[in-house]
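K.L.:
Below is a structure I'd like to ask you about.
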Amino acid sequence: MQSYRQRKRRLMSEINVVPYIDVMLVLLVIFMITAPLLTEGVRVELPRASAEPVDPRDQEPVVITVDKEGRYYLPERDQPSDLDAIVSYAAALLRRRPEADFLVRGDREARYDGVVQAMVALQQAGVEKIGLITRQPDGQ
């Protein structure tokens, strides 16, 4: 009887990691669901055009956004920027990644002048090829 009590009172010194794995998997699922939602940034209504899609490359293109009020947004920034900030950002990025692709994403209600000014700022930074982002028309 006494040996039974000794076995029963002995503490278990192992760490049970199963609950930690469950928590980790739940967090992984949450981050997988919320990550695409965070990349939207500035909301713009893209113009529709039946253009051929560009072949994807290994690296993400750099997207400069122009909203319908004509404000400029750099990638991963929620605050509007000016044209000088676009020039310095693009020039610095080109020094690090000379093969980087640059795209302008303009709202369909944005003034044409705003989109062109963004393209001119990229040219002043040394960008040679600039693309425009559009959406496919409905029904295609």
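Throughout, read-outs are computed from the coordinates displayed, never taken from laboratory work. Values in this document were obtained by computation on a predicted structure and should not be read as measured data. Don't worry about glycine lacking a Cβ; one is built from the backbone with ideal geometry, like all the others, and counts go over all protein chains shown.
K.L.:
Check which residues have an amide H placed less than 5 Å from residue 102's amide H, if you skip close sequence neighbours.
P.N.:
Correct list: 62, 131.
K.L.:
Across the Cα atoms of the range 78-140, what radius of gyration and what greatest pairwise Cα-Cα distance (Dmax) are found, in Å?
P.N.:
Rg, Dmax (Cα atoms, Å): 13.1, 42.
K.L.:
Order 18-29, 88-99 from most to least packed using the mean count of other Cβ atoms within 10 Å.
P.N.:
Details: 18-29: 9.8, 88-99: 13.3.
Highest to lowest by the protection proxy: 88-99, 18-29.
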